[in-house]
Amino acid sequence: MKLVCSQAELSSSLQLISRAVAARPTHPVLANVLLTADAATGRLSLTGFDLSLGIQTSLPAAVESSGAITLPARLFGEIVSRLSADSPLTLSCTEGEEQVDLTSLSGTYRMRGMPAEDFPDLPLAQSGTPIRLNAESLVKGLRATLFASSSDEAKQLLTGVHLRLAEHSLECAATDGHRLAVQRLEDAVAPGSEAPLSEGGEPFAVTVPSRSLRELERLLSGRPSDEPLSLFSERGQVVVLWADQVLTSRSLDGTYPNYRQLLPETFSRSLRVDRRAFTASLERVAVLADQHNNVVKISSDPVAGQVQIRADAQDVGSGSEAVAATIEGDPIEIAFNVRYLLDGLKAIGSEQVVLQCNGPTTPAVLVPVGEDGAFTYLVMPVQIRS
């Protein structure tokens with residue numbers, strides 16, 4: 001194998017695939033990146049795969065002779081990132097040997113690798129018809145929901161985001177048992193592509209680990225393109241093809257909770273506030289709430305047209321702020337984990353939001369004004385001990 005490529009492109013590609021390289025590999029080759037040079041296409045392909053998440057990307061290269069080898073991902077990435085961007089890089093590997101010479105204007109580095117044959121194949125499940133999705137829509141859906149998924153591995157299914165397709169819309173949902181974020185995206189399915197039905201005739205749905213989707217969101221955001229992505233899902237595996245990149249991930253087994261049943265149909269109280277003012281007040285009061293249990297109390301005063309935000313930190317102090325609000329329904333005092341509220345507010349882009357609730361112990365829902373139910377954020381209140 002022998003090729004010449006750009007230092008900047010090789011370095012950014014290595015950073016991208018490094019996220020799929022195992023930190024604690026069960027086999028030494030999983031700590032490596034697979035390099036495949038193809039003289040016919042004039043491209044160098046890089047692959048990282050930890051047996052759960054796989055990322056593959058490619059970059060243009062002047063390939064003198066084709067070949068493949070694996071190199072330690074961390075060492076290779078650190079060397080390449082420190083080399084000058086002004087100098088092209090030459091990678092050469094003599095056939096039958098397991099070491100690569102990396103040459104730039106400043107010098108030469110030699111790294112010992114492992115045979116490409118030892119590297120596991122990426123599970124590219126590409127049979128059947130792909131679902132073609134607008135990349136921009138998917139990024140929006142992931143940003144609006146990923147934060148609400150669970151980090152508790154014991155909750156298996158809740159550590160992912162549920163993707164559900166119906167006709168031309170995509171619905172992303174995530175919950176950790178304390179809050180639920182749902183984003184509906186109309187026209188997310190690319191024109192000319194129909195969302196398939198599952199075996200039982202139900203709309204297509206799959207739950208994908210949040211870790212994999214965070215990398216997908218990062219990958220799609222890093223290289224914006226109008227080109228739709230292709231999603232394949234079969235036998236517990238999800239494959240996304242986009243531009244010159246591939247991401248593979250296992251899917252999560254089980255039936256995702258029927259989250260629509262959790263959303264109350266009607267509300268007896270609603271508090272409409274300016275999102276920025278409400279967020280700023282919560283962040284200031286959170287300084288005290290963080291000292292104790294993260295709990296903030298929210299009281300509505302329909303007569304004054306205000307919402308009072310208060311935090312009491314035992315043996316430390318207390319703080320309160322008032323925010324102007326349009327209030328419907330009787331006065332209420334309700335308490336929340338301030339971090340959950342702030343997460344939901346940061347996922348909303350509208351200038352005004354409405355906090356809807358029925359009572360101090362029933363689920364509350366936060367929605368943006370003017371988006372016709374596209375985003376819904378449910379958060380469970382904290383019971384106030386008198």
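The values are calculated or read from the model by the stated rules, or taken from the named source; none is laboratory data. Keep in mind the model is a prediction, meaning the values are calculated, not measured. We place every Cβ from the backbone using ideal geometry, glycine too, and count neighbours over all the protein chains shown. Heads up: the accessible areas ignore ligands, DNA and RNA and are worked out on the full protein's heavy atoms, side chains in. Shrake-Rupley method; radii C 1.70, N 1.55, O 1.52, S 1.80 Å.
Return a yes/no flag: does the stretch 265-276 have any residue that is touching a residue at least 40 places away in the same chain (Cβ under 8 Å), assigned to a helix (DSSP H, G or I) and open to solvent by 60 Å² or more (accessible area, probe 1.4 Å).
Yes, the conditions are met somewhere in the stretch 265-276.
Residues are listed down the side, and each one gets a yes or a no for (1) within 24 Å of the chain's Cα centre (by Cα); (2) part of a helix (DSSP H, G or I); (3) at pLDDT below 95; (4) buried (at least 18 other Cβ atoms within 10 Å of the Cβ):
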{"residue": "Ser233", "(1), (2), (3), (4)": "yes, no, yes, yes"}
{"residue": "Gln261", "(1), (2), (3), (4)": "no, yes, yes, no"}
{"residue": "Ser281", "(1), (2), (3), (4)": "no, yes, no, yes"}
{"residue": "Ala289", "(1), (2), (3), (4)": "no, yes, yes, yes"}
{"residue": "Ala325", "(1), (2), (3), (4)": "no, no, no, yes"}
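Suppose we filter Ala23, Ala40, Ala85 for residues that are among the hydrophobic types (A, V, I, L, M, F, W, C), within 23 Å of the chain's Cα centre (by Cα) and loosely packed, with under 14 Cβ neighbours inside 10 Å; which single one remains? Even if it seems obvious, please write down each step before you answer.
Values: Ala40 fails: within 23 Å of the chain's Cα centre (by Cα); Ala85 fails: within 23 Å of the chain's Cα centre (by Cα).
Criteria check complete, one pass: Ala23.
Could you check the stretch 294-316 and list, in sequence order, the residues that are without any contact (Cβ under 8 Å) to a residue 24 or more places away in the chain and surrounded by fewer than 15 Cβ atoms within 10 Å (Cβ to Cβ)?
Correct list: Val303, Ala304, Gly305, Gln314, Asp315.
Just one of Thr362, Thr376 is of a type in the set (S, T, N, Q), over 17 Å from Val295 (Cα atoms) and open to solvent by less than 60 Å² (accessible area, probe 1.4 Å); which is it?
Step by step, each of Thr362, Thr376 is checked, and only Thr376 is of a type in the set (S, T, N, Q), over 17 Å from Val295 (Cα atoms) and open to solvent by less than 60 Å² (accessible area, probe 1.4 Å).
Here is a list: Ser52, Ser18. Which entry is open to solvent by 20 Å² or more (accessible area, probe 1.4 Å), in contact with a Gly (Cβ under 7 Å, 6 or more places away or on another chain) and either within 19 Å of Phe119 (Cβ to Cβ) or hydroxyl-bearing (Ser, Thr, Tyr) (or both)?
Working: Ser52 fails: in contact with a Gly (Cβ under 7 Å, 6 or more places away or on another chain).
That would be Ser18, the only listed residue that is open to solvent by 20 Å² or more (accessible area, probe 1.4 Å), in contact with a Gly (Cβ under 7 Å, 6 or more places away or on another chain) and either within 19 Å of Phe119 (Cβ to Cβ) or hydroxyl-bearing (Ser, Thr, Tyr) (or both).
Being small (Gly, Ala, Ser) and either assigned to a strand (DSSP E or B) or over 20 Å from Tyr259 (Cβ atoms) (or both), is that true of even one residue in the stretch 307-314? Walk me through how you get there before you give the answer.
In the first step, residues of the stretch 307-314 are kept if they are small (Gly, Ala, Ser); the result is 311, 313.
The next check asks that each one be either assigned to a strand (DSSP E or B) or over 20 Å from Tyr259 (Cβ atoms) (or both); those that pass are 311, 313.
Yes, the stretch 307-314 contains at least one residue that is small (Gly, Ala, Ser) and either assigned to a strand (DSSP E or B) or over 20 Å from Tyr259 (Cβ atoms) (or both).
Return the total of residues in the stretch 102-124 being open to solvent by less than 40 Å² (accessible area, probe 1.4 Å) and either part of a loop (DSSP other than H, G, I, E, B) or farther than 20 Å from Leu30 by Cα (or both).
At the first step, the residues of the stretch 102-124 found to be open to solvent by less than 40 Å² (accessible area, probe 1.4 Å) are 102, 104, 107, 111, 113, 115-116, 119-120, 122.
Then keep just the ones that are either part of a loop (DSSP other than H, G, I, E, B) or farther than 20 Å from Leu30 by Cα (or both); that gives 102, 104, 107, 113, 119-120, 122.
Adding up the residues that qualify gives 7.
Residues being of a type outside the set (A, V, I, L, M, F, W, C) and without any contact (Cβ under 8 Å) to a residue 60 or more places away in the chain: count how many of those fall in the stretch 330-358. Even if it seems obvious, please write down each step before you answer.
The first filter runs over the stretch 330-358 and keeps only residues of a type outside the set (A, V, I, L, M, F, W, C), leaving 330-331, 333, 337, 339-340, 343-344, 346, 349-352, 356, 358.
After this cut, where a residue has to be without any contact (Cβ under 8 Å) to a residue 60 or more places away in the chain as well, the list is 331, 333, 339, 349.
So the answer is 4.
Out of (1) outside any strand (DSSP E or B); (2) open to solvent by 30 Å² or more (accessible area, probe 1.4 Å); (3) among the small types (Gly, Ala, Ser); (4) on the phi < 0 side of the Ramachandran plot, the odd one out for Gly96 is which?
With (1) outside any strand (DSSP E or B); (2) open to solvent by 30 Å² or more (accessible area, probe 1.4 Å); (3) among the small types (Gly, Ala, Ser); (4) on the phi < 0 side of the Ramachandran plot applied to Gly96, the lone miss is (4).
Counting just the residues of the stretch 15-39 that are touching a Leu at 6+ places or on another chain (Cβ under 8 Å) and hydroxyl-bearing (Ser, Thr, Tyr), which one comes out farthest from Arg218 (Cα to Cα)?
Applying the filter and picking the extreme gives Thr26.
Looking at the stretch 130-149, which of its residues are of a type in the set (Ser, Thr, Tyr) and either at pLDDT below 95 or surrounded by fewer than 16 Cβ atoms within 10 Å (Cβ to Cβ) (or both)? Explain how you work it out, then say what you get.
Kept after step one, since they are of a type in the set (Ser, Thr, Tyr), are these residues of the stretch 130-149: 137, 145, 149.
Correct list: Ser137 only.
Of all residues in the stretch 327-359 being open to solvent by 60 Å² or more (accessible area, probe 1.4 Å) and either of a type in the set (S, T, N, Q) or out of contact with any Ser or Thr (no Cβ under 9 Å at 6 or more places or on another chain) (or both), which is modelled with the lowest pLDDT? Let's see the steps before the verdict.
Step one: filter the stretch 327-359 for residues open to solvent by 60 Å² or more (accessible area, probe 1.4 Å), giving 328, 330-331, 333, 339, 346, 349, 351-352.
Going one step further and asking which of them are either of a type in the set (S, T, N, Q) or out of contact with any Ser or Thr (no Cβ under 9 Å at 6 or more places or on another chain) (or both), we end up with 339, 349, 351-352.
Values: Arg339: 95, Gly349: 91, Glu351: 95, Gln352: 96.
Checking each candidate, the answer is Gly349.
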